1. Is it fair to say ARG41 is loosely packed, with under 11 Cβ neighbours inside 10 Å and at pLDDT below 95?
2. Take VAL100 and decide whether it is exposed (fewer than 14 other Cβ atoms within 10 Å of the Cβ), free of Cβ contacts under 8 Å to residues at least 60 places away in the same chain and assigned to a strand (DSSP E or B).
3. Of all residues being part of a strand (DSSP E or B) and surrounded by 21 or more Cβ atoms within 10 Å (Cβ to Cβ) in the stretch 103-142, which is farthest from the chain's Cα centre (by Cα)? Just the residue, please.
4. Within the stretch 117-153, count every residue that is basic (Lys, Arg) and free of Cβ contacts under 8 Å to residues at least 12 places away in the same chain.
5. Confirm whether VAL87 is closer than 20 Å to VAL150 by Cβ and part of a strand (DSSP E or B).
6. Taking the stretch 63-96 as the region of interest, how many residues are under 13 Å from the mean Cα position of the chain (by Cα) and closer than 14 Å to ASN126 by Cα?
Amino acid sequence: MRTQTFMTAMLVALTMGASMHSDATAYSRYRTNHRTYRTYRNSSVNNNNNNVVPAGTAIDVRLNQTIATDNMSRGETWTGTVNSAVVTRGGVAIEAGTPVEGTISSAVQGTHSTPAQLTLTLRRINGRSVFAQAEPIVAGSQRAHKMGAVLGGAAAGALLGHALGHHGALGALGGAAAGYGLTRHAFRTMQLREGTVVRFVTTSRMLANR
């Protein structure tokens with residue numbers, strides 16, 4: 001009787017031990033899998049963030065064409081290339097030379113009292129949608145001068161005055177008068193020549209070109 005009782009107790013102990021070992025093994029596997037999942041999830045989130053160009057990122061674009069206030073209007077398209085690589089915390093997000101497309105937000109001719117003005121918007125980078133805006137470019141401003149913007153009236157007035165000035169005193173007076181008259185309207189037209197670099201700033205995030 002005692003032997004049978006002892007054997008029964010041993011079987012119960014072995015069963016409980018196996019069950020506890022099984023539970024411990026299952027718990028260990030759960031912990032391992034949970035850590036693996038968290039590592040994967042964090043890695044996935046970080047990789048996604050590294051593939052994103054955040055809002056407020058500056059993108060310098062070199063124009064592929066001349067854009068002028070006297071022959072282009074709002075809504076027309078233009079093309080260019082990224083002038084310098086865009087770098088985020090994940091590395092190079094947009095490589096230099098990447099093709100871009102944009103539209104003209106406004107192309108305003110100047111008047112006798114107001115200068116010409118251009119506003120450009122960036123819409124696509126290598127086929128990917130983006131919304132990035134450039135500050136308005138105002139004829140005669142320091143920014144327009146640094147960008148090399150050409151003012152139609154100023155150039156025409158200077159050339160005409162110089163040409164007429166070669167025809168004696170009367171010609172000089174006529175040239176000066178003509179130059180003055182045209183210079184009054186110097187800021188009525190403006191153009192950004194091919195190769196001009198314009199800075200845009202993204203207003204929303206976009207996926208990097210990888």
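The values are calculated or read from the model by the stated rules, or taken from the named source; none is laboratory data. On a predicted model such as this, the values are computed, not experimentally measured, just so you know. Don't worry about glycine lacking a Cβ; one is built from the backbone with ideal geometry, like all the others, and counts go over all protein chains shown.
1. Working: loosely packed, with under 11 Cβ neighbours inside 10 Å: yes; at pLDDT below 95: yes.
Answer is yes for this residue.
2. Values: exposed (fewer than 14 other Cβ atoms within 10 Å of the Cβ): no; free of Cβ contacts under 8 Å to residues at least 60 places away in the same chain: yes; assigned to a strand (DSSP E or B): yes.
Taking the combined requirement at face value, the residue does not satisfy it.
3. Residues of the stretch 103-142 part of a strand (DSSP E or B): 103-108, 117-125, 128-133, 137-138.
Still in the running and surrounded by 21 or more Cβ atoms within 10 Å (Cβ to Cβ): 107, 118, 120, 122, 125, 130, 132, 137.
On the way: ALA107: 21, LEU118: 18, LEU120: 12, LEU122: 7, ILE125: 8, VAL130: 7, ALA132: 5, ILE137: 17 Å.
Looking at the filtered set, the residue picked out is ALA107.
4. Of all residues in the stretch 117-153, those basic (Lys, Arg) come to 123-124, 128, 143, 146.
Then drop every residue that is not free of Cβ contacts under 8 Å to residues at least 12 places away in the same chain, which leaves 143, 146.
Summing the residues that are basic (Lys, Arg) and free of Cβ contacts under 8 Å to residues at least 12 places away in the same chain in the stretch 117-153 gives 2.
5. Numbers: closer than 20 Å to VAL150 by Cβ: no; part of a strand (DSSP E or B): yes.
The answer is no for VAL87.
6. Looking only at that region, the number is 10.
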